[in-house]
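Quick notes on the structure that follows.
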Amino acid sequence: MTPRRGRSRRSAEGSRAPDSDEDVHRVDDVTRRIGEMELVLARFQHTNPPTFSATEGGAKAEAWLVQMEELFDTLEYAPKRD
């Protein structure tokens, strides 16, 4: 049987410890960002945004999206970027 290629990233990463401080900080950062996104999504869903079916076509959805973009422009909302 021939050996499988690309099975593991460990061989490419060398002897780096899997639980290094850098990995822990990355996981913490991702976890924090996910929590923030879930909070934003929950708040958005509480506004009861409209739903659109495929039979309505894209015109209503596009009009709603334009309205939302104008609202964000009016509020001068810009997400934080690290």
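The values are calculated or read from the model by the stated rules, or taken from the named source; none is laboratory data. Note that the structure is predicted; figures quoted are calculated from it, not measured. Here the Cβ is made from the backbone with ideal geometry for all residues, glycine too, and neighbour counts use every protein chain on show.
A few comments on the model shown:
- Hits in the range 38-62 - residues which are of a type outside the set (Phe, Trp, Tyr), surrounded by 10 or more Cβ atoms within 10 Å (Cβ to Cβ) and assigned to a helix (DSSP H, G or I): GLU38, LEU39, VAL40, LEU41, GLU56, LYS60, ALA61, GLU62
- Cβ-Cβ under 7 Å pairs, at least 6 apart or on other chains, the range 56-82 side more than 17 Å from VAL40 (Cα to Cα) and among the small types (Gly, Ala, Ser), far side surrounded by 10 or more Cβ atoms within 10 Å (Cβ to Cβ) and at pLDDT 70 or above: ALA61/PHE52
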